[in-house]
Amino acid sequence: MTTADERATRVREVRRRLAQEGPPRTRDHERDFETVTVPERHCDQLRDLLVAEGVEKVVEIGLAYASSALAISEALATVNPPLPRHVIIDPFQQREYSNAGWDLLCSAGLDSIATLMLTPSSTALPQLLSEGFVADAAFVDGSHRFHEVFVDLYFLRKIVRPGGLIVIDDDWWPSVHTAAQYYEQNTGWKAIPDAFPGETIGVGPQGEQRPRCVAYRLPNPSFEPSFEDFHAWLRTGK
């Protein structure tokens, strides 16, 4: 039987090979791996954040080449809960990525704890909710369209336990940042300022420099705000 230390060592080795050599295959786009994947440093920070949280169950939107998925799996192996679970949602994994990310997870022996849902998050997340799945944390790196990010976050605030974490990649994109701001302004999400220290990577919706990844702590207990307490979070006017 594989021990937790052996499992973590195996995951770290696959992560190291991926960072140094790239995935076994990529899409026919120039520098696709470098463009799509979450950088190794940010993956290390994600892993450390989840270890500190003591996560047992994580839901992830977007798999691609599995950089973040392997970091999440390393965190689960380090925490070593009795029944770890990693649910990954990516409708493009087969047809766009030829299962490159999933094959890397399997090569690390993670198919015993990971589940891949090949449906859009707008249908997969309601299914998880109806099944009563409760996560300690979520990592969001799926569609960057505002309305789809907004829907992802809507369901994740019901799936992630009160006081849990939601981590969002590419927050510097105006569409992603604007969706997250609604929940911060209206539903009690609190940004964790030191979760991803380091240099900024992009420009936010008002021209400010922003980090790539942002982590939010959900309120505990959870609550539903009154429509009368709505806080407008979009700039109006021309």
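In this structure, is THR123 under 23 Å from PHE146 (Cα atoms) and surrounded by fewer than 24 Cβ atoms within 10 Å (Cβ to Cβ)?
Numbers: under 23 Å from PHE146 (Cα atoms): yes; surrounded by fewer than 24 Cβ atoms within 10 Å (Cβ to Cβ): yes.
Yes.
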- Among LEU118, LEU129, which is open to solvent by 60 Å² or more (accessible area, probe 1.4 Å), free of Cβ contacts under 8 Å to residues at least 60 places away in the same chain and touching a Lys or Arg at 6+ places or on another chain (Cβ under 8 Å)? LEU129
- Query: Just wondering, is there one or more residues in segment 28-35 that are closer than 22 Å to ALA137 by Cα and either surrounded by 22 or more Cβ atoms within 10 Å (Cβ to Cβ) or among the hydrophobic types (A, V, I, L, M, F, W, C) (or both)?
  - Reply: no
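With respect to PRO193, is the statement that it is under 20 Å from PHE155 (Cβ atoms) and surrounded by fewer than 18 Cβ atoms within 10 Å (Cβ to Cβ) true? Give the steps one after another, and end with the answer.
Numbers: under 20 Å from PHE155 (Cβ atoms): no; surrounded by fewer than 18 Cβ atoms within 10 Å (Cβ to Cβ): yes.
For PRO193, the condition - under 20 Å from PHE155 (Cβ atoms) and surrounded by fewer than 18 Cβ atoms within 10 Å (Cβ to Cβ) - is not met.
Those residues that are among the aliphatic types (A, V, I, L, M) and surrounded by fewer than 16 Cβ atoms within 10 Å (Cβ to Cβ), I need them from segment 1-18; list them, please. Steps first, please.
So the first thing to find is which residues in segment 1-18 are among the aliphatic types (A, V, I, L, M), and the list is 1, 4, 8, 11, 14, 18.
Result: MET1, ALA4.
Can you tell me which residues in segment 155-189 are in a helix (DSSP H, G or I) and open to solvent by 10 Å² or more (accessible area, probe 1.4 Å)? Step through it out loud before you land on a result.
Residues of segment 155-189 that are in a helix (DSSP H, G or I), as a first pass: 155-159, 174-186.
PHE155, ARG157, LYS158, PRO174, SER175, HIS177, THR178, GLN181, TYR182, GLU184, GLN185, ASN186 - these are the residues of segment 155-189 that are in a helix (DSSP H, G or I) and open to solvent by 10 Å² or more (accessible area, probe 1.4 Å).
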- Message: I'd like to check something: does segment 101-112 contain any residue that is modelled with pLDDT of 95 or more, among the small types (Gly, Ala, Ser), touching a helix residue (DSSP H, G or I) at 6+ places or on another chain (Cβ under 9 Å) and surrounded by 24 or more Cβ atoms within 10 Å (Cβ to Cβ)?
- Response: yes
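Return the total of residues in segment 106-115 being hydroxyl-bearing (Ser, Thr, Tyr) and either more than 18 Å from LEU70 (Cβ to Cβ) or free of Cβ contacts under 8 Å to residues at least 12 places away in the same chain (or both). Explain how you work it out, then say what you get.
Start the filter on segment 106-115 by keeping residues that are hydroxyl-bearing (Ser, Thr, Tyr), which leaves 107, 112, 115.
Subset that is either more than 18 Å from LEU70 (Cβ to Cβ) or free of Cβ contacts under 8 Å to residues at least 12 places away in the same chain (or both): 112.
The number of residues fulfilling the criteria is 1.
If you go through segment 50-62 one residue at a time, do you hit one that is part of a helix (DSSP H, G or I), of a type outside the set (Lys, Arg), within 15 Å of ASP136 (Cα to Cα) and touching a strand residue (DSSP E or B) at 6+ places or on another chain (Cβ under 9 Å)?
Filtering segment 50-62 for residues part of a helix (DSSP H, G or I) gives 50-53.
Still in the running and of a type outside the set (Lys, Arg): 50-53.
Checking the rest, the ones that are also within 15 Å of ASP136 (Cα to Cα) come to 50-53.
Restricting the remaining residues to those that are touching a strand residue (DSSP E or B) at 6+ places or on another chain (Cβ under 9 Å) gives 50, 53.
Yes; the residues of segment 50-62 include at least one that is part of a helix (DSSP H, G or I), of a type outside the set (Lys, Arg), within 15 Å of ASP136 (Cα to Cα) and touching a strand residue (DSSP E or B) at 6+ places or on another chain (Cβ under 9 Å).
The values are calculated or read from the model by the stated rules, or taken from the named source; none is laboratory data. In this text the structure is predicted, and so the values were computed from the model without any measurement. Please note: Cβ atoms are built from the backbone with ideal geometry, for glycine as well, and neighbour counts cover all protein chains shown. Side chains included, ligands, DNA and RNA excluded: accessible areas come from the protein's heavy atoms. Shrake-Rupley method; radii C 1.70, N 1.55, O 1.52, S 1.80 Å.
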